[in-house]
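Taking it in order: structure first as structure tokens, then the write-up.
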Number of protein chains: 4
Amino acid sequence: MGDVGRIPVGIVGASGYGGVQLVRLLMDHPRLELAYLGGESSAGKPFSDLYPHLGHCVQQVVEPLDLEKIADRCEVVFLSLPNGLAHKMAPTLLAKGCKVLDLSADYRFTDLSTYTSWYGGDRTDQTIAETAVYGLPELYRDRIAEAQLVGCPGCYPTASLLGLSPLLKQGLVIPETAIIDAKSGTSGGGRQAKVGMLLAEADNTFAAYNVGGRHRHTPEIEQVCSDLAGHEVLIQFTPHLVPMVRGILATIYATLRDPGLVREDLLTIYNAFYRNAPWVRVLPSGTYPQTKWAAGTNLCYIGVEVDPRTDRVIVMSAIDNLMKGQAGQAIQCVNIMMGWDETLGLPQLAFYP
Amino acid sequence: MGDVGRIPVGIVGASGYGGVQLVRLLMDHPRLELAYLGGESSAGKPFSDLYPHLGHCVQQVVEPLDLEKIADRCEVVFLSLPNGLAHKMAPTLLAKGCKVLDLSADYRFTDLSTYTSWYGGDRTDQTIAETAVYGLPELYRDRIAEAQLVGCPGCYPTASLLGLSPLLKQGLVIPETAIIDAKSGTSGGGRQAKVGMLLAEADNTFAAYNVGGRHRHTPEIEQVCSDLAGHEVLIQFTPHLVPMVRGILATIYATLRDPGLVREDLLTIYNAFYRNAPWVRVLPSGTYPQTKWAAGTNLCYIGVEVDPRTDRVIVMSAIDNLMKGQAGQAIQCVNIMMGWDETLGLPQLAFYP
Amino acid sequence: MGDVGRIPVGIVGASGYGGVQLVRLLMDHPRLELAYLGGESSAGKPFSDLYPHLGHCVQQVVEPLDLEKIADRCEVVFLSLPNGLAHKMAPTLLAKGCKVLDLSADYRFTDLSTYTSWYGGDRTDQTIAETAVYGLPELYRDRIAEAQLVGCPGCYPTASLLGLSPLLKQGLVIPETAIIDAKSGTSGGGRQAKVGMLLAEADNTFAAYNVGGRHRHTPEIEQVCSDLAGHEVLIQFTPHLVPMVRGILATIYATLRDPGLVREDLLTIYNAFYRNAPWVRVLPSGTYPQTKWAAGTNLCYIGVEVDPRTDRVIVMSAIDNLMKGQAGQAIQCVNIMMGWDETLGLPQLAFYP
Amino acid sequence: MGDVGRIPVGIVGASGYGGVQLVRLLMDHPRLELAYLGGESSAGKPFSDLYPHLGHCVQQVVEPLDLEKIADRCEVVFLSLPNGLAHKMAPTLLAKGCKVLDLSADYRFTDLSTYTSWYGGDRTDQTIAETAVYGLPELYRDRIAEAQLVGCPGCYPTASLLGLSPLLKQGLVIPETAIIDAKSGTSGGGRQAKVGMLLAEADNTFAAYNVGGRHRHTPEIEQVCSDLAGHEVLIQFTPHLVPMVRGILATIYATLRDPGLVREDLLTIYNAFYRNAPWVRVLPSGTYPQTKWAAGTNLCYIGVEVDPRTDRVIVMSAIDNLMKGQAGQAIQCVNIMMGWDETLGLPQLAFYP
């Protein structure tokens, strides 16, 4: 592959966990090349000041934000910024012909009033926002292939939707009964210093947060579920914090329409649904996923169980929140947008044990 | 209190986590005194060989099992053994006049066929088993006060039932909609060497197990829920393993019969329900429990939330699995059986952070 | 003990880990009573806003700092503040007759120029500073009993000095060969939000910091070692961060003056040295301490080993950094200052497992 | 590289952490191909029964041990077995022309009496053992290139020797003053079920073990140090267990012969020593390694510090114990033995955070 050219890529927002994962993945990608690394707080510093362990591989200095320069230099740009900033930058980059992947929530919603009611701020860019495709390839692969602007899914929605979609799409469950009890490692909270995320606070403990449909990933999950169900659906979503760095497990409950369905029926359906999805592994009957199995990979592991006593299906969906839940999935989308194999350059062997 | 006599107490099964917690609690209890410490595998060894950090407080040598001797020496006996052994010892101890608290599953079921269908074995002791009281004081305080034989609840049932009982008892929710998504630290698995419980395996990961109503605590939860609801109820119960040593959080979902109820209504109901329960703390509106808040104490922390969009109540119930979930609750039961204040000698200030 | 009066006690600096440990210990102390709880950043808030799990036991509101009011109300005052503040408050409290225990570094040094060269700032209070006693009871019990002002030791110096003192005091090792390789849980860094202390950063990793004699606890250790050795001694001290919340282990190396000494000789010497020290447990031959054994207690566990091949003694000293390393030791000092048993009200049974 | 043939490789001892790391590394290696996977306890089972997360990549069934078959099929064989077994198999494989890499201690010692005095058993294979090369490429690259039999170093010796070698080789320190205080994650203990390695036991705690030169890695370290120093050297080596899965940090102390040397001098010397060592990264002045920086890679990170007050150098050396400390280094040796670039197929970007 040595004689094939590499595509120049830019990252805006280099210092967070999304940024460093993207940098890492680009180092190993055979067709992408890091051409720009920009950030505000760390502009002017070598990237290895932020992450000394990458000093031997990443020589870049973090550059100040200059959209013209980025567009001149890059064909593809990842925006890895706090919510509310990407939609101020993306239009310029798009107009210059860049493909843009936004890792924030800015372009995840087809209806901007949903965005503003959950994230605040003003948005008058409905026209551009409507061109954005939700970057969950297992559901929207074809549209991603044609997209110039991709709104990359949140980490919880990725795990939740991959677990729930086959059931909703096939009409196997009553959508209103769906409950997603999700658990995440603390890296999901980002690299900002917060007391509650200190090891001394967050270790040896377990708790829920944003209970009762108050987490911002709720409308994102509901948007896709409604799309799949064909009518508006409300989903019960509860996030929890696990004393570990990486990984999300979503435990999903829903009542079967047809109580006669057994585990093996559902496994057949799941396997069929994900037949062409190289990053989803439906586990054998009776095996349930460990988040660790996905650590460092772009994989989503899915286990399916039926409780014949209650007529419920229980689906467990495990991902690495920084990979399939963030940076890995963004690269997967680029692979699709560029017409490459969607597994290109992405790790599939977990960091284990 | 120095001039009041202490009650001699025995522990059968000294080496596990239940045993060592009981020993520790007895050291600090003003009215109980450790008079016998027995075990099979460790008979003849000083207890401090098993737990060197207790060498300065516990001089006892683990004694071989001799029921006659135990009964001669002790007024109260804790049986802290694997399932299936207690019912072979308890009758002798009871006949000799001992009060017996069994920490295994042997005496948790009013119908022994439920026991044998989940735990196996033969049981022909229905008569004695029927005299056993389920040792959850917040529900069965009066009966515990009169009991000679107490079947101490499992750790998951304790957290689950304390969270769910007010809703069922008051008929506030549709029982069949109840889903308990429970998460436990790994000490719940005991002190047996198992590959899956090694730190190298169980750290940095999160997974469900016994999914689909396959965990043995399911019938125990259902027995009490059926009792409260007044008819047989099936409950969805899913346990998970958290990479931490101690603590259980049960996240409980149920659909409200009356969608008009708001969070504050439910908090009022919970506070009333637990008005005389010193070991249950209903948290203020909008506060959700951390398992760490209960660490080392006999407390159960409960947070209540309503999702007005879905008409569901979400209850979070947090305990220390080795305390309120095991040894602490057994001591609480003894306090009640002896007519003492049920908080006597039990820690209420968490090990924090 | 019910008819004996309780001594009113104040805490200045309520919000940090030192503060909350003190509060917790006071709740269980039979002779001390929390009469004042003051803080700057949290003044006006109920203490249970900071630590909701203490809501059922601690009703106090954090009060603004008012030295007059504190002195009026309290006989004993704990100053639990960042370095450099206590010496501005202590003189007023002392003049009013309070006994003062400072948990910062302000009163640890007999020579204030040592303080200012490591901690910065100006200090012109040499006269008052000279009245302060270093609050390590195992070495300075008699002086603490007479003191009005106690400079409580740092966490690392406590573990290090308890491990090393018998060797230096008896002249058994060459002082200049002493190397202290110390390891601490992250709660030692306090409750301030810092990126490096996030669980996502500090978990699953291990590193040294302030290597080469650059940690501020170095001069504190050297001051006492010099005192014991009878001449000025430089000690090699290297701290490390362990991915756990609590606990310090100091592994101490030194070359024996007399190569003929064996492990049992040294254990005899250690046991004699600590014969009257209820908070130090010298472990049996061949047993080495786990930090967990001390968790939640005021104990220091010491293991002693000799390598006859190298003529070195290796001492391992384990404490809970927030207890014997901080709040517990301060209470121990108060017990001594008040003429009580030094074990009064302090836990000696570890939170285990 | 597609048209270049792959070399068939066998692994004996598939079920442990060494085995699974080798399997994982072989999946990604461009020139090696897994041709045989053998084990005793798991013979007949699909490898994915042991490690379900590898089910999509590894189809092999674990085969019973048959040395003839292995030799027929493989050019290179990794023996990943408990100590004392490899020397019974290697001779047959060598006679058949295989290159053999032993991950146990069997071939690490030039003098078999050292082996038997630390590991027990009888060894009469001095002649074959003498042909073995110690597989630490940074010291013995040329000899490894010519070797047919490689004794791969232990995890602690790898970290220790990479940190200490430049000092000994250049005669910069007094060898007898060298103290290695080493800390390891619990995966170093292997995948055997042991009570002390349970998460419930080993989490939240820190302790030393095999103190006083009693760890079997001591003679291995001393053998190489003696080789470098030119005379027999005894080294103080103390291992500790860190509550984390992977990673070793060795903190190494030694007294400088020339007290005038400063940190920058030593960094220059280290950089020169490792100029051609792609897997060793000497960190910039004032930067100390985190074990996490090496996680999942074959890298060794080294930080160097001098304490001008004590004339000591302190070196910190960090590796992933399962990679550079075990499987990664074995692959590095194969790369060298085959005449390939020694970085071939080995990860150099850490799993971070």
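Farthest toward the positive end of the dipole of chain D, out of D:Gly5, D:Ser165, D:Pro347, is the Cα of D:Pro347, where the dipole comes from beta carbon charges about the Cα centre. Descending by average beta-carbon neighbour count within 10 Å, the peptides A:185-192, B:18-25, B:193-200, D:321-328 line up as D:321-328, B:18-25, A:185-192, B:193-200, the highest first. Label point of C:Ser285 (7 Å along Cα→beta-carbon): distances to the other copies' equivalent points are 5.1, 6.1, 6.8 nm, sorted ascending.
Comment: the Cα-to-Cβ extended label point of A:Ala272, at 7 Å, lies 5.2, 7.1, 8.5 nm from its counterparts in the other copies, nearest first. Based on Cα atoms of the stretch A:1-84, Rg over Rh with Rh as the Kirkwood radius reads 0.95.
Evaluate Rg over Rh across the stretch D:66-128, taking Cα atoms for both radii and Kirkwood's formula for Rh. Walk me through the intermediate numbers first.
Numbers: Rg = 11.8 Å, Rh = 12.1 Å.
That ratio equals 0.98.
On the protein assembly as shown, 48 percent of the accessible area sits on carbon and sulfur atoms, based on a 1.4 Å probe. Per-residue ellipticity at 222 nm computed for chain C from its helices equals -9000 deg cm²/dmol, with DSSP H segments shorter than 4 residues left out and the rest contributing -39,500 (n - 2.57). Computed over the Cα atoms of the stretch D:96-250, what is the convex hull's projected area averaged over all directions, in nm²? Orientation-averaged projected area of the Cα hull: 10.5 nm². Using a 7 Å projection from Cα along Cα-to-Cβ, the label point at D:Lys88 is separated from the same position in the remaining copies by 3.8, 7.1, 7.4 nm, smallest value first. With R₀ set to 35 Å, the beta-carbon distance separating C:Asp258 from C:Gln126 gives a calculated FRET efficiency near 0.30.
Mean-square fluctuation check for chain B, GNM, Cα pairs under 10 Å: which of B:Val306, B:Val58, B:Val12 is largest? Comparing B:Val306, B:Val58, B:Val12 in the GNM, the peak value goes to B:Val58.
The dipole here belongs to the protein assembly as shown: it is taken about the Cα centre, uses +1 on the Cβ of Lys and Arg and -1 on the Cβ of Asp and Glu, and is about 0 debye. For chain A, the longest principal axis of the alpha carbon atoms and the long axis of helix A:217-229 meet at an angle near 60°.
Taking only the Cα atoms of the protein assembly as shown, how large is their convex hull per residue, in Å³? Show your work: numbers first, answer last.
Details: hull volume 256.3 nm³, N = 1412.
Convex hull of Cα atoms, per residue: 182 Å³.
With respect to the axis relating copies D and A by rotation, the chain D residue whose beta carbon is closest, plus that distance in Å, is D:Phe351, 2.
Across chain D, C-alpha contacts under 8 Å between residues 6 or more apart give a mean separation that, scaled by the residue count, equals a relative contact order of 16 percent.
Between D:Thr92 and B:Thr92, the C-beta separation translates, for a Förster distance of 41 Å, into a calculated FRET efficiency of about 0.10. In the stretch D:181-254, the inverse of the mean reciprocal separation of distinct Cα atoms equals 13.5 Å; this is its Kirkwood hydrodynamic radius. Computed across the stretch D:183-223, the Kirkwood radius stands at 11.9 Å (inverse of mean 1/r, all Cα pairs). Each listed q (0.13, 0.19 Å⁻¹) maps to a log10 I(q)/I(0) for the stretch D:1-151 from the Debye sum over equal C-alpha point scatterers, namely -0.60, -1.20. Whole-percent P(r), the stretch A:112-167, all Cα pairs, 10 Å bins from 0: 21, 43, 33, 3.
Each listed q (0.08 Å⁻¹) maps to a log10 I(q)/I(0) for chain B from the Debye sum over equal C-alpha point scatterers, namely -0.37. Reported to the nearest whole Å, the Cα centre-to-centre distance from the stretch C:241-290 to the stretch D:209-237 is 23.
Set the Förster radius R0 to 56 Å, insert the Cβ-Cβ distance between A:Asp49 and B:Ala193 as r into 1/(1 + (r/R0)^6), and round the FRET efficiency to 0.05. Each step should come with its number before you reach the end.
Numbers: r = 45 Å, r/R0 = 0.80.
The calculated FRET efficiency here is 0.80.
Inter-part distance, the stretch C:59-79 to the stretch D:61-116, computed on C-alpha centroids, equals 72 Å. Pairwise Cα distances in the stretch B:156-320 exceed 27 Å in 23 percent of cases.
May I ask which of A:Lys292/C:Lys45; A:Lys194/D:Lys324; A:Lys183/C:Lys292 have a Cα-Cα span longer than 30 Å here?
Numbers: A:Lys292/C:Lys45 41 Å; A:Lys194/D:Lys324 34 Å; A:Lys183/C:Lys292 28 Å.
Those over the limit are A:Lys292/C:Lys45; A:Lys194/D:Lys324.
Summary of the geometry: the stretch D:141-175 and the stretch D:181-200, compared by the centres of their Cα atoms, lie 25 Å apart.
Could you give the size of the charge dipole of chain D about its Cα centre, using +1 on the Cβ of each K and R and -1 on the Cβ of each D and E, expressed in debye and rounded to the nearest 20? Provide the component values of the computation, followed by the final result.
Numbers: 28 positive and 36 negative charges, 111 e Å.
With Lys and Arg at +1 and Asp and Glu at -1, about 540 debye.
Any idea what the relative contact order of the stretch D:190-237 is, in percent, if you count C-alpha pairs under 8 Å spaced at least 6 apart? Each step should come with its number before you reach the end.
On the way: 22 pairs, mean separation 14.4, N = 48.
The normalised contact order for the stretch D:190-237 reaches 30 percent.
Relative contact order, whole percent, for the stretch C:156-321 stands at 30, derived from Cα pairs under 8 Å and 6 or more residues apart.
Nearest 100 Å², what total accessible surface is buried between chain D and chain A (probe 1.4 Å)? Walk me through the numbers before you get to the answer.
Values: alone 15210 and 15170 Å², together 27660 Å².
Looking at D and A, the buried total is near 2700 Å².
Each 10 Å bin, from zero up to the one with the longest distance, holds this percent of the alpha carbon pairs of the stretch C:283-353: 21, 39, 26, 12, 2.
One chain, two ends: A:Ser113 and A:Tyr209. Fully extended at 0.36 nm per residue, the span grows by 32.1 nm beyond their Cα-Cα distance.
Note on the protein assembly as shown: antiparallel DSSP beta bridges, both residues inside, total approximately 50 percent of the bridges counted. By the rule of a C-alpha distance below 17 Å, with chain neighbours fewer than 8 residues away ignored, the aspartates and glutamates paired with B:Lys88 are B:Glu40, B:Asp66, B:Glu68, B:Asp102, B:Asp106, B:Asp122, B:Asp125, B:Glu130. Placing unit charges on each Cβ (+1 for Lys and Arg, -1 for Asp and Glu) gives chain D a dipole about its Cα centre, and among D:Gly185, D:Ile144, D:Pro243 the Cα reaching farthest toward its positive end belongs to D:Pro243. Rolling a 1.4 Å probe across the protein heavy atoms gives the stretch C:234-314 an accessible surface of 28 Å² per residue. Note on chain C: with a GNM built from Cα contacts shorter than 10 Å, the maximum mean-square fluctuation among C:Tyr51, C:Tyr288, C:Tyr17 falls on C:Tyr51.
Just so you know, the Cα atoms of the stretch C:229-353 work out to an Rg and Dmax of 15.8, 48 Å. Projecting the Cα positions of B:Gly16, B:Asn83, B:Leu93 onto the charge dipole of the stretch B:7-131 (unit charges on Cβ atoms of Lys, Arg, Asp and Glu, taken about the Cα centre) puts B:Gly16 furthest along the positive direction.
The values are calculated or read from the model by the stated rules, or taken from the named source; none is laboratory data. Source: prediction; values computed, not measured. Neighbour counts run over all protein chains shown; Cβ positions are idealised from the backbone, glycine included. These accessible areas exclude ligands, DNA and RNA; they are computed on the full protein's heavy atoms, side chains included. Shrake-Rupley method; radii C 1.70, N 1.55, O 1.52, S 1.80 Å.
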